[in-house]
């Protein structure tokens, strides 16, 4: 079968998925349908939000479906009518078996980790937050349990000390798009030899979770080590961003932190204690300190601490 004859249905939502869809379309693959989330109202202006995948699909005249429920009989019949040979899933919802088991060549997922490490919704964040020095992307065939299917391909990249999650996201997005094309071509050529994840687990690779990031996940714990805090902040930057509160006599001010210095081991401050001058803002950790380099007050633009300290008297405040 030629790639122009292979009927592909693509399922995805964010920018991370768009790059792979773009490569498929521009590469001449036959995308017979695109499935993405329904439009939703979001933001302070209560504007209608369309997913980046929808925007690309509409712009390029692709058949688009936006089901509220993936088990809805009408949607299932619409999907079946597309007669897909293969389905590709990137950053989408968990699929019911009636959907992932439909095409004769199967359904594969692009996941932004080296499975079985970091199964779940936020693999890139957790890899950086945990101080990993390596991550990657995996394609695997779907089965019942989320992110546990047999592995088709993997590619690796290093994580440097200064990389934040935004940098790693963009690298994996491009690397993943390359691998999606390679995976489709390998399936077409009959060259795929999937590896069960249990085999990797038996070789000592730990299956670790990467749960969804919530607001409480993002709050900085100043009683942790400076290294832990440094990784925590860059693992959430630029989105959704780590945050903290400063307090004095019942007055509380919260702000997001986007960038800090490397841990400073020879500065001895109590956890959450602030030290500042006209150019620097330091916060104490369990075993040293870090310097805040970029921050954002609620309702304000991102700024350097010098701009913040120009309009805010920090005397007596500490991070909590």
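The values are calculated or read from the model by the stated rules, or taken from the named source; none is laboratory data. All values derive from a computational prediction rather than experimental measurement. Please note: Cβ atoms are built from the backbone with ideal geometry, for glycine as well, and neighbour counts cover all protein chains shown.
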* To do: For residue 232, state whether it is farther than 29 Å from residue 8 by Cα, surrounded by 15 or more Cβ atoms within 10 Å (Cβ to Cβ) and touching a helix residue (DSSP H, G or I) at 6+ places or on another chain (Cβ under 6 Å).
  => yes
* Asked: Do the conditions hold for residue 182, that is, is it in the same structural domain as residue 121 (by TED's automatic domain parsing) and out of contact with any helix residue (DSSP H, G or I) (no Cβ under 8 Å at 6 or more places or on another chain)?
  -> yes
* With the stretch 5-86 as the region, which strands (runs of 3 or more DSSP E) entirely inside it contain at least 2 residues that are at pLDDT 95 or above and in contact with a strand residue (DSSP E or B) (Cβ under 7 Å, 6 or more places away or on another chain)? -> 7-12, 30-35
* Cβ pairs under 6 Å, 6+ apart, first in the stretch 182-201 and without any contact (Cβ under 8 Å) to a residue 40 or more places away in the chain, second surrounded by 13 or more Cβ atoms within 10 Å (Cβ to Cβ) -> 186/192
* **Residues located in the stretch 228-267, provided they are farther than 16 Å from residue 166 by Cα and in a strand (DSSP E or B)** => 243, 244, 245, 246, 247, 248, 251, 252, 253, 254, 255, 264
* Structure fact -> Quick count over the stretch 87-110, residues being outside any loop (DSSP other than H, G, I, E, B), under 17 Å from residue 67 (Cα atoms) and under 24 Å from the mean Cα position of the chain (by Cα), is 6
* Structure fact -> Of the residues in the stretch 268-308, those that are assigned to a strand (DSSP E or B), over 19 Å from residue 247 (Cα atoms) and in contact (Cβ under 8 Å) with a residue 24 or more places away in the chain come to 288, 293, 294
* Any residue in the stretch 69-89 that's free of Cβ contacts under 8 Å to residues at least 12 places away in the same chain: show its pairings with residues that are buried (at least 17 other Cβ atoms within 10 Å of the Cβ) and in a loop (DSSP other than H, G, I, E, B) at Cβ separation under 9 Å, as long as the two are six or more apart or on different chains. => 74/67; 75/67
* Residue satisfying all of: in the stretch 116-145; in a loop (DSSP other than H, G, I, E, B) and free of Cβ contacts under 8 Å to residues at least 60 places away in the same chain; nearest to residue 179 (Cα to Cα) among these -> 142
* Look through the stretch 7-51, keep the residues that are surrounded by fewer than 19 Cβ atoms within 10 Å (Cβ to Cβ) and touching a helix residue (DSSP H, G or I) at 6+ places or on another chain (Cβ under 7 Å), and return whichever of them is nearest to residue 176 (Cα to Cα). => 23
